[in-house]
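First comes the structure, then the notes that go with it.
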Amino acid sequence: MPAMTVNERPVQFDMDPETPLLHALRDAANLTGAKYGCGVGDCGACMVLVDGEALRSCLVTIAEAEGRFITTIEGLSRDRSHPVQQALVAEQAIQCGFCTPGIAMAGAALLRRNPDPSAEDIREAVPNLCRCGVYPRLIEAIQRAGRVTRRRETISAAPAPGIDPADAARAVPALRGTEERGD
């Protein structure tokens, strides 16, 4: 059983080791923030952090993720207070929201490496596709999050409504895929 740490909790997946991490997270761990978009790594909707690096979880198997630290949007901040999440709301850079979790994860990874990114840095590090085309606002939001990270600005945007992240991130010793549970 591939074992890893997901959102700071040890997890073992009782699934085929070649299962994409995306499917293990969504189907077995009930962490549905990472979205299935294209399944071939083009859209970035499934972006998660693997050892701090933004990776498309549709392209990473759970065998490849074994022993690594995985952070999903649910684990980015327990109260949705991460500067990228706050800046996306404050800059109104969210339309339909489908791409938002992947963009937030890619933006968070970028800011960890470079807290003062240029627009070109952001375009390179956040290759996610957005059907709604809010790219200029995404760039502004990530740059604003960088200013917050550098303590040059604060954001008073309220956390987005929805499911409490604690409800979605339950500790389960061995998670099984839906086909093995009979769902």
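Readers should treat all values here as calculations from the given coordinates under stated rules, not as data from a laboratory. Predicted model only: the values in this text are computed from it and were never measured. Here Cβ is always computed from backbone atoms with ideal geometry, including for glycine, and neighbour counts include all displayed protein chains.
Between Gly37, Gly133, Gly107, the residue with the greatest mean-square fluctuation in the GNM of the chain (Cα pairs under 10 Å linked by springs) is Gly133. The Cβ shell under 12 Å around Val89 holds other residues with a net charge of +2, Lys and Arg each +1, Asp and Glu each -1.
Put simply, the C-alpha atoms of the chain give a gyration tensor, and the ellipsoid matching it has half-axes of 28, 16, 15 Å, longest first.
Phi angles of region 119-125 translate, via the Karplus equation with coefficients 6.51, -1.76, 1.60 and θ = phi - 60°, into HN-Hα couplings of 4, 5, 4, 5, 4, 6, 8 Hz per residue; Gly and Pro are given as x.
Just Ala145, Ala119, Ala34 to compare: in a GNM of the chain, with alpha carbon springs under 10 Å, which one fluctuates most? With Cα springs under 10 Å in the chain, the top fluctuation among Ala145, Ala119, Ala34 is at Ala119.
Here each label is just a point 7 Å from Cα along the line to Cβ, and for Glu66 and Ala3 those points are 1.1 nm apart. Could you tell me what % of all Cα pairs in region 3-75 have separations over 21 Å? In whole percent, the long-distance tail amounts to 10. Computed 3J(HN,Hα) for region 24-39, one whole-Hz value per residue from the Karplus formula 6.51 cos²θ - 1.76 cosθ + 1.60 where θ = phi - 60°, is 5, 5, 6, 7, 9, 9, 6, 9, 9, x, 6, 9, 8, x, 10, x, glycine and proline marked x. The phi-based Karplus calculation (6.51 cos²θ - 1.76 cosθ + 1.60; θ = phi - 60°) puts the 3J(HN,Hα) values of region 55-66 at 10, 7, 6, 6, 9, 10, 7, 5, 5, 5, 8, 4 Hz, whole numbers, x for Gly and Pro. Using the Cβ of Cys38 as centre and a radius below 13 Å, the other residues enclosed give a net charge of +2, where K and R count +1 and D and E count -1. Backbone amide hydrogens, once placed in the peptide plane, bring Thr61 within less than 5 Å of Leu21, excluding anything fewer than 5 places away on its chain.
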